[in-house]
Every structure is written in structure tokens, then in C-alpha cells.
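*Asks:* The structure under discussion is supplied below as C-alpha cells; questions concerning it will follow.
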Amino acid sequence: MKKRILFVSNYYAPYTSGVTEVERLVAEKLASDGYEVKVITSKHDKALPTVESINGVPVERCRVLLKISKGIISPSFIIRTIRQAKYYDIVNLQLPMLESGLLSLFIKKKKLMPMYHCDINLPKGLLNSMITKIMDCSHKICLKRCSKVWVTSADYAIHSRVAYKYSNKFVEVGGPIKKISASAHISEQNYKIGFCGRIVEEKGIDILIKAFEILQARNVDAELLIGGDYKNVAGGSVYPALIEYINEHQIKNIKFLGKVPEEKLGEFYSSLDVFVLPSINSLEAFGLVQVEAMMCGVPVVSTDLYGVRTIVQKTGMGLVSQKGNVENLADCIFEVLTNRKKYIKDKSIIETIFSTEAFVKNIGCYINDEEEKKVV
């Protein structure tokens, strides 16, 4: 018998991030498979409707009283979640979430199955230090009280400063991947290096720009294409600082594309010779965009962050560079560019490891009345 599943998160579509994409893709897949699902989230943008259905998934948004950095303060979010949890068999909280510890006190352990995406990692400062400690405490309460913890990778989870204590509850689920129609790759005279994601500090885009500067100094004929929203970003964007650096150093052939429409993603990825994910801290725990690029036949250079590195390691479709090391990132990009065929793998190999279907299969015994499988 299929169970009823309640997804709870601070942000949801149309807001786009790794966390919201995981939740959206899984919720939509389960809804299409006949499960009764619902999403409770915040009304982080006043223009959004309070209630709507997105691709077959009912979404209820709760009024926000206050925002602190990326966090939201919404009493109605807490109240609605507690009330709605009574009518569902599984309650999946998307962590990081400030309210998770409090919510877990009112939800039965057997139905509480949060997904732990990443640790909080904020810039240094007294206020940010307090926020981090409070959220870590909230997450520990939630993880202690839940029955299972869904994690994108055991590699990240066992190295998490919070989640590692609850490894006996881990269920490694991987990452759901959106369907993208790839185009034929056209080789041009100059190389195309690409990035796609939010234009925020943890993505390490400044490191990528500096690595690109090194490649240009080596007379590598290349263009850097940076896709991602730099206007509507929770917590603020680093776009102005990046533009200032580019102008000061007079770096040519860098284009900011803005948010790439979903229907254009395949065309974007397919145009690249290499995709780069230069993230620098634990707010990046997986990196779905890596798999999206690979599904379009594009090799990847990522960084040696826990969880993030596993995608290249498991597929062999690229290289892992040293976090924050500009010279090493430039070397890895150059190696992939000049030996591209060496790192190309068949799409079917990627799909067996990472896909929405694989994700749902991994949680199958928890969302159906089947015998539980072993956790990682």
C-alpha cells in the first residue's frame, strides 16, 4: 500500500536551489506514480499564491513575518506543519531548517524521515555564529528523534559535524535528476567552459574566474559562460564583487547569462567542453548540476568536498580539484579540455547511478509497506 507523504521546506519552486530541486523532482515523481503528496513551505515571495498545484503537487505557502539571511520566521509554517503531519504516513523535512527540532517534538518518530542536505556554513561573525549553533542544535534534536535520515551521499553525511552521530539511520538516496534534452556537441575553435547555479559565495565562482584568468595567461583560447540567477537570491548575491574583479583585472570572454530557462538547459550544457563546479564549503553537499551536465555528454571538474566529489568518483567522468586551489583548478580544467574524449562516458552508465528513478527506488521500502532494506 502506498503511503501519504508530506514534504516540508522553507523554500520551494519557483525558487531554485539544490534543496528545492531535490524536493520538487521527488514530489512530482511520487505524485505521477499515484502517491498522495503535499508540500508545505513559506510564502517567501509575497507575489506567490498561498495555495496552488505545481505539476500535480499541491503546495501550501505560509506567511513570513521576518527573514534573517536565508532563514525565514513564520509561526504559521510551524502550526500548519504540525496540524498537517497528523494526516500523513511520512513527514519529510528538508534540512537545513531552523524549525526542524521544534517540529520533531510534535511528529511521531516512525513517520519522521527528514532529508539532511548539508551543514550550515555562514561567514564569520557573532550573529552568524549564534545562528549556526542554534540551527545545529535544532538539527540534532530532529535527527535524534527521527526514524530514518535520507542523505544524498554517505560520504558527506559521515563527515558532517551534525549528522555523523546518526549514521545508523542513514539511507543513501543519491540525487533526483530532471529530464534534459541534450543537443549535439559542436566543437568550435575556442573552448567553452561553463558553470550553472546560484551566484553565491559558497559556489566558489571567484575561484573559477581566477582559474580562467590563469588559462588565458597560458594562451588557452576559451570562453567562460556563467549561468545562474544573480538578482533573486536568498541571502544575497556575490555578482557585484565578481564584476568588480573582472573589470579591475580586465578579464575578457566571460559572460553572465542570468538564470538559464529549464527548456534551454540541454542546449547550454551541450555547448560546453567542460562543466566546472568550484564550490568551497559544506553548503554544497552534492551538486545536481554535475549529473545534468554529464547526462548531456559533458565532462566535469568538481572540488574535493565531501559528497560533491562522489559524482565524478563514481562515474569517472571528469576530475576532482583541490578546494580553493586556483592553480590546481586551472590544471584540471586544462587536462579535461585537452583530453576530453578520455572522460566521456555513456549516458546509460550515469543513469544507473544517478536519476530520479534511482532515488525513488532507494526510498521504496519506506514509502511502501515492504520489508525494510538495510541502510548504508
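The values are calculated or read from the model by the stated rules, or taken from the named source; none is laboratory data. Everything quoted here is computed from the prediction, not taken from an experiment. Note that each Cβ is placed from the backbone with ideal geometry, even for glycine, and that neighbours are counted across all protein chains shown.
*Asks:* Of all residues in region 257-296, how many are modelled with pLDDT under 95 and among the aromatic types (Phe, Trp, Tyr)?
*Replies:* Total satisfying the criteria: 1.
*Asks:* In region 27-34, is there at least one residue being buried (at least 21 other Cβ atoms within 10 Å of the Cβ) and touching a helix residue (DSSP H, G or I) at 6+ places or on another chain (Cβ under 9 Å)?
*Replies:* yes
*Asks:* Name every residue in region 262-311 that is outside any helix (DSSP H, G or I), among the polar types (S, T, N, Q) and more than 20 Å from Glu327 (Cα to Cα), in order of residue number.
*Replies:* Residues satisfying the conditions are Ser271, Ser282.
*Asks:* Just checking: which of the strands (runs of 3 or more DSSP E) contained wholly in region 70-167 hold 2 or more residues that are touching a helix residue (DSSP H, G or I) at 6+ places or on another chain (Cβ under 8 Å)?
*Replies:* Working: elements: 71-73, 90-95, 149-151.
In region 70-167, the matching strands (runs of 3 or more DSSP E) lie at 90-95, 149-151.
*Asks:* Shifting gears a bit: Hey, can you tell me all the residues within region 219-242 that are over 27 Å from Gln189 (Cβ atoms) and of a type outside the set (Ser, Thr, Tyr)? First the steps, then the outcome.
*Replies:* Step one: of region 219-242, the residues over 27 Å from Gln189 (Cβ atoms) are 229-241.
Of everything in region 219-242, those that are over 27 Å from Gln189 (Cβ atoms) and of a type outside the set (Ser, Thr, Tyr) turn out to be Asp229, Lys231, Asn232, Val233, Ala234, Gly235, Gly236, Val238, Pro240, Ala241.
*Asks:* Let me ask something else. Can you list residue pairs whose Cβ atoms sit under 8 Å apart, with the first residue in region 253-275 being over 14 Å from Ile193 (Cα atoms) and the second being exposed (fewer than 13 other Cβ atoms within 10 Å of the Cβ)? Count only pairs 6 or more apart in sequence or on different chains.
*Replies:* Every condition considered, the pairs that remain are Gly258/Lys231; Gly266/Ser181.
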